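Engineer: One structure is given below, represented as C-alpha cells, and several questions about it will come after.
The values are calculated or read from the model by the stated rules, or taken from the named source; none is laboratory data. Since the structure is predicted, the reported quantities are computational estimates derived from the model, not experimental observations. Glycine also receives a Cβ, built like all others from the backbone with ideal geometry; neighbour counts cover every protein chain displayed. Protein only, heavy atoms only, side chains kept; ligands, DNA and RNA dropped before computing areas. Shrake-Rupley method; radii C 1.70, N 1.55, O 1.52, S 1.80 Å.
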Amino acid sequence: MKAKEIICKINVFEPAELPEEVRLLVEEARSATERSYAPYSHFCVGAAIRLDNGEIVVGSNQENVAYPSGTCAERSACFYAHARYPEAKFVEIAVAARGIDGEFVEDPISPCGACRQALLEYEMLSGNGVTVWLVGRGKVYQLPSVASLLPLAFTDF
Ligand code: THU
C-alpha cells in the first residue's frame, strides 16, 4: 500500500490586493447577486466568467418552487457562457454571495459539487487551468484551477 496526498493550494488575498482586472470581475460577480432569484433560500449568489475573447459573462442562482429544478450561479454562468460563445475559452471565474441579511458574506463560499463538475468540463475544453476567485468581504481565495477543487474527478469513460 502507498499513501497518496492531494494538496490544494489556495492564495488568500486581501480585497485591496487584487489586481485591477480581477477587481472588475469581482464587481461583476457581486452585482450579479442583485439579479439572483432566490425567494426560497434568500441566499443570493453571483458568478462572473472571463472568456479569452474579452467578454465577461455573469450568472446568478435561479431557484424554483420545485427546489431541485433551480440552479446555482456558477452553472447559470458557465452554461450561458458556452451557449453564447461556444468558441471561447474560459480564463477565470469569480463567485460572490450575499447572505440572508443581504450583506456580502464575510468568508468566501465555494461551488457545490455539481457546479465543480460542470465547470471542470469547460476547463478541460479550454486546455488551461481556469483561475477561481472565491470572494468574501474580508478575504478572497484564489485557486489555480477548477480541477484543484475537484480531486479525483470523473473525466471520461
Ligand atoms: N448556491 C449557488 O448559487 N452557488 C453556490 O456556490 C452555493 C449555493 C445557491 C443555490 C441556492 O439557490 C442557494 O444558493 C442556497 O443554497
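Engineer: Which value, in debye to the nearest 20, gives the size of the charge dipole of the chain about its Cα centre, when Lys and Arg are +1 and Asp and Glu are -1 at the Cβ?
Structural biologist: In total the dipole reaches around 360 debye.
Engineer: Please work out the average accessible area per residue across the chain, using the 1.4 Å probe convention, and give it in Å².
Structural biologist: 57 Å²
Engineer: Among DSSP bridges having both ends in region 81-157, what percentage is antiparallel? Round to the nearest 5.
Structural biologist: 55 percent
Engineer: Cα atoms only, the chain: Rg and Dmax in Å?
Structural biologist: So, for the chain, Rg and Dmax equal 15.3, 51 Å respectively.
Engineer: For the chain, set up a Gaussian network in which alpha carbons nearer than 10 Å are linked by springs, and say which option among 84, 50, 23 fluctuates the most.
Structural biologist: Top of the fluctuation ranking is 84.
Engineer: So what is log10(I(q)/I(0)) for region 86-149 at q = 0.29 1/Å, when the Debye sum runs over its Cα atoms only?
Structural biologist: -1.20
Engineer: Rounded to the nearest 0.05, what FRET efficiency do residue 20 and residue 83 have when you use their Cβ-Cβ distance and R0 = 35 Å?
Structural biologist: In this case the efficiency is close to 0.75.
Engineer: Then there is this: Would you mind telling me the share, in percent, of accessible area of region 29-142 contributed by carbon and sulfur at probe 1.4 angstrom?
Structural biologist: 52 percent
Engineer: Further question: How would you rank 87-100, 127-140, 2-15, 61-74, highest first, on the average number of other Cβ atoms within 10 Å across their residues?
Structural biologist: For the peptides 87-100, 127-140, 2-15, 61-74, the packing ranking is 87-100, 127-140, 61-74, 2-15.
Engineer: Where a Cα-Cα gap under 30 Å defines reach, which lysines qualify for residue 89, not counting those fewer than 8 residues away within the same chain?
Structural biologist: Residue 89 reaches 9, 139.
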